[in-house]
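Engineer: Take this structure first; my questions come after.
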Amino acid sequence: MARTFTVSRSVLIEVPPAVAYDAISRPADMGRWSPENLGATVSAPDESASLGMTFEGRNKRGAFRWVTRCTVTAAEPGSRFAFRVHAIGLNRPRLRVPIATWEYRFEQDGDATRVTETWTDDRRSWPTFVTNVFDRVATGGRTFADFQVRNIDRTLRNLKRELETAPQS
């Protein structure tokens, strides 16, 4: 079976692009929307992340917990936010290995914003057989691409619900 290295999903949110960008570009807040992320340790949690900034993400899947090290690779207010996950560990991100890239694009659509979340599998050097076995164990029987589609859908649905019900300034 061929590997899928990238999946994307979009949602239309009734807020301006700057509002959606401001929410997503604060890694400490990601745990409010993501079914797997618990937030992040950042130097300035109340500010948008800047290009090149590193942070540690806290994650969970069932009873399993882990930490990742991430670097912001795009920080274009109102347009694009991305980060690369490049280290992982149980309590500290000790194993340095390409894992994934997450990207968010914000496009004006009338009075709303189309938010597109993209996951890219950066484990290109892993043999397909090894990756498929690892993925099915780690996700309860699915590939990471299939697993991430579900996570992205939930994240975008939660983001939409929160941003559309928050008072706009």
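Engineer: Measure nothing fancy, just the Cα-based angle from helix 144-165's long axis to the longest principal axis of the chain, in degrees from 0 to 90, nearest 10.
Structural biologist: 20
Engineer: Continuing with this model, one more query. Would you work out the relative contact order for the chain, in percent, from Cα pairs under 8 angstrom that are 6 or more residues apart? Each step should come with its number before you reach the end.
Structural biologist: Numbers: 354 pairs, mean separation 45.1, N = 169.
Relative contact order of the chain: 27 percent.
Engineer: Follow-up question, since we're still on this one. According to the square roots a ≥ b ≥ c of the eigenvalues of the Cα gyration tensor, what is the shape class of the stretch 9-53, taking rounded for a/c under 1.5, prolate for a/b larger than b/c otherwise, and oblate for the remainder?
Structural biologist: oblate
Engineer: Another question, then. Return the carbon/sulfur percentage of the accessible area of the chain, one whole number, probe 1.4 Å, all protein chains in place. Walk me through the numbers on the way to the answer.
Structural biologist: Working: 4720 of 8980 Å².
Of all accessible area on the chain, carbon and sulfur atoms account for 53 percent.
Engineer: OK, next. How much accessible area per residue does the chain have, in Å², with a 1.4 Å probe?
Structural biologist: Working: 8980 Å² over 169 residues.
For the chain, the per-residue accessible area is 53 Å².
Engineer: Oh, and also: Any idea how far the Cα center of the stretch 24-88 sits from the one of the stretch 109-169, in Å?
Structural biologist: When both Cα centres are located, 14 Å separates them.
Engineer: Here's something else I'd like to know. Given Cβ point charges of +1 (Lys, Arg) and -1 (Asp, Glu) and nothing else, what value in debye, to the nearest 20, does the dipole of the chain about its Cα centre take?
Structural biologist: Rounded to the nearest 20 debye, it is 980 debye.
The values are calculated or read from the model by the stated rules, or taken from the named source; none is laboratory data. Keep in mind the model is a prediction, meaning the values are calculated, not measured. No Cβ is skipped: glycine too gets one built from the backbone with ideal geometry, and neighbour counts run over all protein chains shown. To get the accessible areas, we keep the full protein, side chains included, count just its heavy atoms, and leave off ligands, DNA and RNA. Shrake-Rupley method; radii C 1.70, N 1.55, O 1.52, S 1.80 Å.
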